[in-house]
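Below is one structure, written out as structure tokens, with a few remarks after it.
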Amino acid sequence: MSDQLQRAFSTDFKVRIIQRIEAGERLSAVADEVGVRRKLLYEWRAAYRALGAAGLNRKRGPKAGGKREAGSSRGRPSSDAPPSPDAASSSARPREERVEAEELARAKARIAELERVIGRQQVDLHFFREALRLWDATPPNGGAPISTRSSKK
């Protein structure tokens with residue numbers, strides 16, 4: 001292992017960091033500011049997206065009951081009982097927050113696209129206004145030379 005001491009971060013701290021990232025801040029900038037490896041922030045974000053805030057509390061290493069043997073549930077109460085209403089509502093909250101974050105991201109992308117369209121329209125308007133100004137400034141004969149030949153014969 002390494003000589004560095006592993007730091008423990010509170011769940012609230014992790015949630016605040018993930019919310020900043022989900023709101024659109026650059027992950028690398030947040031990692032530099034907080035002093036946490038980017039890889040760890042990616043792991044936190046994946047756990048948060050999968051399980052919400054509860055996913056940020058999990059211990060490292062193999063999970064208890066990870067591999068089930070065939071027939072191991074005979075005669076034993078099932079640990080796969082449906083979750084209580086409190087657990088269901090708490091797991092729904094992160095999902096709702098994620099949906100809201102996705103809607104916000106889509107709205108921001110739409111706003112950016114509309115701003116690009118407006119910018120293009122502004123360029124077009126400027127071009128046509130300048131062309132119209134130049135058109136109005138030309139003399140009645142059009143201002144064009146009678147002949148376009150460079151030499152006379």
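The values are calculated or read from the model by the stated rules, or taken from the named source; none is laboratory data. Quantities reported herein were computed from a predicted structural model and do not represent experimental measurements. Positions of Cβ are generated from backbone atoms using ideal geometry, with glycine treated the same way; all protein chains shown enter the neighbour counts.
Residue by residue, here is whether (1) farther than 30 Å from Ala23 by Cβ; (2) at pLDDT 65 or above holds:
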| position | (1), (2) |
| --- | --- |
| Lys59 | no, yes |
| Pro62 | yes, no |
| Asp80 | yes, no |
| Pro83 | no, no |
| Ala92 | no, no |
| Glu100 | no, yes |
| Glu103 | no, yes |
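A quick yes/no check of all residues on (1) over 18 Å from Ala101 (Cα atoms); (2) surrounded by 14 or more Cβ atoms within 10 Å (Cβ to Cβ); (3) of a type in the set (A, V, I, L, M, F, W, C):
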| position | (1), (2), (3) |
| --- | --- |
| Arg16 | no, no, no |
| Ser28 | yes, no, no |
| Trp44 | no, yes, yes |
| Tyr48 | no, yes, no |
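Table: residues versus (1) assigned by TED's automatic domain parsing to the domain that holds Ala109; (2) modelled with pLDDT of 90 or more; (3) more than 15 Å from the chain's Cα centre (by Cα); (4) among the aromatic types (Phe, Trp, Tyr).
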| position | (1), (2), (3), (4) |
| --- | --- |
| Ile17 | no, yes, no, no |
| Arg20 | no, yes, no, no |
| Val34 | no, yes, yes, no |
| Lys39 | no, yes, yes, no |
| Ala54 | no, no, yes, no |
| Arg68 | no, no, yes, no |
| Gly71 | no, no, yes, no |
| Gly75 | no, no, yes, no |
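Would you check if there is a residue in segment 123-131 being under 26 Å from the mean Cα position of the chain (by Cα), over 30 Å from Leu41 (Cα atoms), modelled with pLDDT of 90 or more and part of a helix (DSSP H, G or I)?
Quick first cut of segment 123-131, residues under 26 Å from the mean Cα position of the chain (by Cα) only: none.
No, the conditions are met nowhere in segment 123-131.
Listed by first and then second residue, the pairs linking a residue in segment 91-118 that is under 30 Å from Asn57 (Cβ atoms) and part of a helix (DSSP H, G or I) to a residue that is modelled with pLDDT of 90 or more and polar (S, T, N, Q), with Cβ atoms under 9 Å apart and 6 or more places separating them unless they lie on different chains, are Glu97/Gln19; Ala101/Gln19.
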